[in-house]
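Everything below concerns the one structure shown next.
Derivation of every value follows stated rules applied to the coordinates shown; laboratory data play no part. Bear in mind the structure is a predicted one, so any value in this text is a computation, not a measurement. For neighbour counting, all protein chains shown are included, and Cβ atoms are generated from backbone atoms with ideal geometry for every residue, glycine included.
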Amino acid sequence: MSAHKPQHSPHAHHETFFARMARWATDWSGTTLAFFLAVLLIVVWALTRPLFDTFDTWQLVINTLTTIITFLMVFLIQRAQNKDSRAVHLKLNELVAAVEGASNRLINAENLTEDELKVLHAHYGKLLELARSAGHITDCHSVEEAVTRHKHKHRKQPNPQGGQTVTA
C-alpha cells in the first residue's frame with residue numbers, strides 16, 4: 001500500500017458525513033490495496049464455481065457485485081473530476097488575474113455560454129492569424145524568450161528576512 005497520505009483542508013471537519021465518506025472512498029479506491037482486493041474478488045469468485053448448482057447463478061453473483069461497484073464508482077469518479085476541475089479553474093483564474101496584460105474576461109471562462117466561448121475562440125484565432133502573418137508563429141514565444149524569462153526569474157533577490165541574498 002502506498003505511504004502517501006492525501007493532504008486535506010484543515011477545514012475538512014466541516015464536511016458532512018457523506019462528503020467525508022465519498023472523499024475517503026475516492027482516495028482509497030485508487031490505491032494498490034484496492035486493486036489487489038478487486039483481483040482477489042475475481043479469483044475467489046472463479047474458485048467458487050463448484051459451490052453453485054447452475055452456471056447462471058454463479059455468473060449472476062459477479063454480475064450483481066460488479067454492477068453495484070460500477071454504479072457507485074461512476075459517482076465517485078465524477079465527484080473527483082468535478083473537484084479537480086474546479087481546482088484547476090481556480091489556479092488558472094489566479095494566473096490570469098496575476099499576469100499583467102492578460103485578459104480578465106477569461107476569468108471563470110468555464111461559466112460562459114457556448115456562444116460566448118465561440119466568440120472568444122474566434123478572437124484568439126484572429127490573434128493567431130496575426131502572429132502567422134507577421135512571420136513564424138514561434139517568433140512571439142520562442143525558446144530564447146523562455147530562457148530570458150527563466151534567467152530573470154532566477155536572478156539574485158534580497159532575502160526578505162535580511163542578510164544574504166537568495167535565489168528566486
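Observations, loosely collected:
- Sorting ASP27, ASP56 by the number of Cβ atoms found within 10 Å of their own Cβ, with the fewest placed first, yields ASP56, ASP27.
- Global form of region 63-114, assessed from the alpha-carbon gyration tensor, a/c cut-off 1.5: prolate
- Whole-angstrom gap from region 87-136 to region 39-61, using each part's C-alpha centre: 55
- Neighbours of ALA25, meaning other residues whose beta-carbon lies under 14 angstrom from its beta-carbon, give a summed charge of +2 when Lys and Arg score +1 and Asp and Glu score -1.
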